[in-house]
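The values are calculated or read from the model by the stated rules, or taken from the named source; none is laboratory data. Quantities reported herein were computed from a predicted structural model and do not represent experimental measurements. Heads up, the Cβs are rebuilt from the backbone with ideal geometry, glycines too, and the neighbour counts pull from every protein chain shown.
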Ligand SMILES: [Zn+2]
């Protein structure tokens, strides 16, 4: 493993904040893995740290394929993470809205530009991401429908779900979108949690990353019996626009009565909202269709007209 | 008359209510009365529009006999943000001006955005007032996306604002209120003026005159109006951007809205710990200093100034940078 300081961010009164790249193997820039771009992405940082630890062992055992290079960038935003802020702590801008960056622009544009210089040109890119609405997810691979995307490759992660999203105007500044525009096959992996470490779903994300690397011949299997055994898994594919949002009507104390990943039938109880002053149930949210819970609002307070839950409906258009 | 535009219940004993003040002629507005929407408070840390909203309502009430159409004043599209000194929407931390046109079935912020659009659509003109941010002070200006400039210029010229900045279109700006309204045929102008968290009364007065001039142009205001100033239009000029190359404390040595000479000192970046000057900031061009850093703490990349110039004196790479645009 080579540890490189890709660039450093200088600020007044703080130490220069380095952005490190951990490099394994040598040769073709096969894969870049990016962890936390936002200061609350602790789960994403944890996942990257474990990937680095594991890749070091793979390298020591000679299991990185010859001519293949992997770069892992666990954290781009220590500046915000160390002061407990989600976005860039100086001006509240989001690095993941600034790609491909601009080297003569504002601070976060410069960071995006410096980072993208190192990320450009990789064959594959994996971003460990979080959603703009705080909540819990079923672990999944997300790919933006840019026209350059390769849906079939998503199957090699072996995660149970693959979501295809149409880019909104704000998505044109994300890393994933710009990677694709610059010819990298880019995927985002969403884990269950963001600001807390959730071990089980972290393991899922780590295994998915290794499974993908092995399927694409970037690493070799740690267990000789498994060599060549990675056939694409058949995950559930769906379009983001097919998700059914279950909206709250009332504000109050919010309690889940179901978990992400649960299979639900129409009418099944998903969550309840309690009167914050009286304690009785003022709203019961039930499944409007048969399907599986993909996303849950993760605060115990809720307002009216919030997305309490998103369901992957059983009845949806299939995608090739 | 105070009207509710949209609302949603909050968690504990309160509702988030977006309100507007509808001001109509004494005998009521006719069936086909023209309507002007004056909108502000999208970003909770921008307060220049608060003065304008108050001053306009006050002036209209005092001269109601001269009003021949409807004026809807929306002083706070993001009331929780204004209340909690927060630019975005508290809770979700979303920039309200990046989620238009919103969605009826989306999360709360998107739902509220879609209700706002419904309420404003069909107006003869809409003016969305912004106040830069806490970092930069702006000369009063109208900002127009180049894709709709032709249709909006006749309105923009009447706004009594010294500058009309016609800017390149950027995909990220497709989710602003102005873009959403313009794309459904409701002509919408964006005003940027002053600085965040402050009120600059002169700018407010200047804009109120501009709003009466606009209403007069649209035929819904019959009181005599003061002559308005003809704006400088950016397409005839170039804009030089000056960003910090060092982090530190910016000490300003130039006057906002003044003409600066090529090579003139605009300020410097100081390191108070060592007592050193980290960077001297000189103007790369001769021109009008229309944007100036207000907040002293700067980082590598922080915008310090923008200068409007004729382009003949060189300097500045002139690249428009709309990612940092504080719309
Ligand atoms: Zn604004």
| In this structure, is residue B:156 modelled with pLDDT of 95 or more, within 14 Å of another protein chain (Cβ to nearest Cβ), crowded, with 21+ Cβ neighbours inside 10 Å and touching a strand residue (DSSP E or B) at 6+ places or on another chain (Cβ under 7 Å)? | no
| field | Of residues in region B:67-110 being away from every other protein chain (no Cβ under 14 Å) and more than 16 Å from the ligand (Cβ to nearest atom), the one surrounded by the fewest Cβ atoms within 10 Å (Cβ to Cβ) | value | B:83
| request: Would you mind listing the strands (runs of 3 or more DSSP E) fully within region A:1-66 where at least 2 residues are within 14 Å of chain B (Cβ to nearest Cβ)? | output: A:2-9, A:17-25
| request: Please verify whether region B:136-143 includes one or more residues that are crowded, with 18+ Cβ neighbours inside 10 Å, touching a strand residue (DSSP E or B) at 6+ places or on another chain (Cβ under 6 Å), at positive phi and within 14 Å of chain A (Cβ to nearest Cβ). | output: no
| Looking only at region B:14-54, which residues are at pLDDT 95 or above and either within 14 Å of chain A (Cβ to nearest Cβ) or at positive phi (or both)? | B:14, B:15, B:16, B:17, B:18, B:41, B:43, B:44, B:45, B:46
| query | With respect to the numbered conditions (1) in contact (Cβ under 8 Å) with a residue 60 or more places away in the chain; (2) within 12 Å of chain A (Cβ to nearest Cβ); (3) touching a strand residue (DSSP E or B) at 6+ places or on another chain (Cβ under 7 Å), which one is the sole condition not fulfilled by residue B:133? | reply | (3)
| So residue A:235 clears everything in (1) in contact with a strand residue (DSSP E or B) (Cβ under 6 Å, 6 or more places away or on another chain); (2) at pLDDT below 95; (3) crowded, with 19+ Cβ neighbours inside 10 Å except one condition, right? Which one? | (3)
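Residue-by-condition table, conditions (1) surrounded by fewer than 20 Cβ atoms within 10 Å (Cβ to Cβ); (2) more than 7 Å from every other protein chain (Cβ to nearest Cβ); (3) touching a strand residue (DSSP E or B) at 6+ places or on another chain (Cβ under 7 Å):
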{"site": "A:68", "(1), (2), (3)": "no, yes, yes"}
{"site": "A:73", "(1), (2), (3)": "no, yes, yes"}
{"site": "A:76", "(1), (2), (3)": "no, yes, yes"}
{"site": "A:80", "(1), (2), (3)": "no, yes, no"}
{"site": "A:85", "(1), (2), (3)": "yes, yes, no"}
{"site": "A:92", "(1), (2), (3)": "yes, no, no"}
{"site": "A:99", "(1), (2), (3)": "no, yes, no"}
{"site": "A:104", "(1), (2), (3)": "yes, no, yes"}
{"site": "A:108", "(1), (2), (3)": "no, yes, no"}
| request: Check whether at least one residue in region A:273-292 is touching a residue at least 60 places away in the same chain (Cβ under 8 Å) and buried (at least 21 other Cβ atoms within 10 Å of the Cβ), and report yes or no. | output: no
| What about residue B:182, is it touching a helix residue (DSSP H, G or I) at 6+ places or on another chain (Cβ under 9 Å), more than 16 Å from the ligand (Cβ to nearest atom) and in a helix (DSSP H, G or I)? | yes
| Can you find even one residue in region B:204-218 that is touching a strand residue (DSSP E or B) at 6+ places or on another chain (Cβ under 6 Å), more than 18 Å from residue B:37 (Cβ to Cβ) and surrounded by fewer than 18 Cβ atoms within 10 Å (Cβ to Cβ)? | no
